[in-house]
1. Inside region 213-228, can you point out the residues that are open to solvent by 10 Å² or more (accessible area, probe 1.4 Å) and either free of Cβ contacts under 8 Å to residues at least 24 places away in the same chain or in contact with a Gly (Cβ under 9 Å, 6 or more places away or on another chain) (or both)?
2. Could you check Ser49 against (1) touching a residue at least 40 places away in the same chain (Cβ under 8 Å); (2) over 19 Å from Glu4 (Cβ atoms); (3) among the small types (Gly, Ala, Ser) and say which number it fails?
3. Among the residues of region 320-359, write down those that are open to solvent by 30 Å² or more (accessible area, probe 1.4 Å), over 19 Å from Arg227 (Cβ atoms) and assigned to a loop (DSSP other than H, G, I, E, B).
4. Quick one: is Lys101 open to solvent by 30 Å² or more (accessible area, probe 1.4 Å), at pLDDT below 95 and charged (D, E, K, R)?
5. Please indicate, with yes or no, whether at least one residue in region 124-143 is assigned to a loop (DSSP other than H, G, I, E, B), in contact with a His (Cβ under 9 Å, 6 or more places away or on another chain) and of a type outside the set (Phe, Trp, Tyr).
6. Kindly indicate the residue of region 22-41 that is without any contact (Cβ under 8 Å) to a residue 40 or more places away in the chain and not aromatic (Phe, Trp, Tyr) and also farthest from Tyr168 (Cα to Cα) among those meeting that condition.
7. Residues that are touching a Phe, Trp or Tyr at 6+ places or on another chain (Cβ under 7 Å) and within 14 Å of Gly305 (Cβ to Cβ): list the strands (runs of 3 or more DSSP E) wholly contained in region 182-269 that include at least 2 such residues.
8. Quick one: Glu295 ticks every box in (1) touching a Ser or Thr at 6+ places or on another chain (Cβ under 8 Å); (2) surrounded by 22 or more Cβ atoms within 10 Å (Cβ to Cβ); (3) part of a helix (DSSP H, G or I) bar one, so which box is it?
Amino acid sequence: MTAEMAMRLGAAAGRYFRRDQNEHRVVIGKDTRLSGYMLENALTAGFTSTGMNVLLLGPMPTPAVGFLTHSMRADVGVMISASHNQAYDNGIKFFGPDGFKLSDKAEVEIERILNEGARLAAPENIGRAKRIDDALGRYVEYAKTTFPNALRLDGLRVVLDCANGAAYKAAPAILWELGAEVIPVGVTPNGHNINDNCGSTSTATAAAKVREVRANLGICLDGDADRIIILDEKGNVADGDQIMALMAKSWQRDGRLRGDTLVATVMSNLGMENHLRDNGIHLERTSVGDRYVVENMRKNGFNLGGEQSGHIVMTDYATTGDGLLAGLQFMKEMVETGKKASELAQVFTPVPQILRNVRYISGKAPLDSDQVQSVIAAGEKALEGDGRLLIRKSGTEPLIRVMGEANDQAKLDEVITSICKAVQSAAS
């Protein structure tokens with residue numbers, strides 16, 4: 001992801017969305033990576049070169065960009081972030097005028113324009129750029145409206161790990177204004193430390209702080225704040241599956257769960273599916289990726305979904321995963337029921353699950369190997385009737401993700417190990 005590529009991509013997206021001579025707007029947010037400044041300027045150059053006016057939001061959670069794209073009547077929203085990845089990575093996410101991520105069809109068309117070269121505006125028609133100073137405050141105020149007016153977070157001591165990322169200002173402000181005592185972690189970004197031994201992918205630091213200060217719970221966000229992991233008062237982890245299961249049952253009880261259905265991906269634990277079924281809730285599975293969860297939700301009219309990794313999508317409130325809003329829903333249950341986090345965070349007993357990543361050299365295709373396919377077939381046969389396998393390429397890194405579930409954990413470990421060895425051999 002170079003500045004040149006970002007500029008060309010901005011121009012292509014600008015040309016795609018600017019189809020007449022009326023005023024057109026794009027909002028651009030970013031997380032705290034050092035490269036965000038470079039890419040922000042490059043995107044601005046690309047968009048303005050096609051006549052788009054650019055509104056710069058600064059460091060901002062991904063869900064806030066979706067919200068502000070729609071709120072500010074923009075034609076397109078852009079988030080510069082590589083999410084949970086380390087600081088040396090970066091990426092670009094697009095939102096349509098409705099605040100939802102772009103469809104595959106729209107992205108393919110933008111790619112076509114990128115490859116062919118975007119037609120630029122005449123010199124007198126280039127766009128302007130403007131920084132929106134109160135953008136963060138707009139999101140803070142909106143986020144608080146998703147928490148019941150009659151409730152407060154008084155008496156809750158919360159360790160809040162912002163992963164040195166996009167929510168380092170917004171998240172502590174929201175919880176404090178709602179009455180919580182906030183012990184912040186990961187709120188000193190320096191351009192290089194985003195997701196570095198902190199946040200939703202590395203919860204040990206926050207867990208230790210929960211135990212040290214005797215907090216009621218911990219909330220761990222990722223670099224762009226669209227994921228959440230909950231820690232109970234003992235520092236134990238509740239992943240996205242546990243949080244979704246709790247919310248699905250709560251929303252069903254209140255008559256809010258549309259279609260009595262939760263939408264999740266093929267990665268979600270079989271134990272959750274069994275538990276929800278026993279409680280009259282259907283689990284609708286999709287391909288991996290929160291965009292596919294949202295597409296299914298919108299198509300079928302469902303309002304709750306997400307991923308085991310911590311993306312929780314509540315279309316009543318947001319257009320994409322919002323870690324902090326999901327955390328507010330969890331704390332709402334704590335306030336209303338008077339229960340400890342540990343009593344709410346373990347909703348079901350997970351079926352043993354193993355997930356391992358095998359890195360491969362760019363250009364290699366280890367899953368195309370006959371030997372790998374043979375080992376996978378043998379593994380599927382060994383787990384038949386007792387579990388399942390899911391082997392796929394990562395969408396963000398050169399990794400093969402090997403996941404399996406089975407009641408017999410020893411057999412599962414043997415199967416996963418054999419597949420990983422075969423993939424490693426084909427990948428080297």
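1. Hits for region 213-228 are Asn216, Arg227.
2. Every condition holds for Ser49 apart from (2).
3. Scanning region 320-359 gives Gly338, Lys339, Lys340, Gln346, Thr349, Pro352.
4. yes
5. Looking through region 124-143, at least one residue is assigned to a loop (DSSP other than H, G, I, E, B), in contact with a His (Cβ under 9 Å, 6 or more places away or on another chain) and of a type outside the set (Phe, Trp, Tyr).
6. At the first step, the residues of region 22-41 found to be without any contact (Cβ under 8 Å) to a residue 40 or more places away in the chain are 22-23, 37-38, 41.
From the residues that got through so far, the ones that are not aromatic (Phe, Trp, Tyr) too are 22-23, 38, 41.
Numbers: Asn22: 37, Glu23: 33, Met38: 20, Asn41: 22 Å.
The selected residue is Asn22.
7. Values: elements: 217-221, 228-231, 261-265.
Answer list for region 182-269: 261-265.
8. Of (1) touching a Ser or Thr at 6+ places or on another chain (Cβ under 8 Å); (2) surrounded by 22 or more Cβ atoms within 10 Å (Cβ to Cβ); (3) part of a helix (DSSP H, G or I), only one is false for Glu295: (2).
The values are calculated or read from the model by the stated rules, or taken from the named source; none is laboratory data. On a predicted model such as this, the values are computed, not experimentally measured, just so you know. Cβ sites come from the backbone with ideal geometry, for glycine too, and all protein chains shown count toward neighbours. All accessible areas refer to the heavy atoms of the entire protein, side chains included, with ligands and DNA or RNA removed. Shrake-Rupley method; radii C 1.70, N 1.55, O 1.52, S 1.80 Å.
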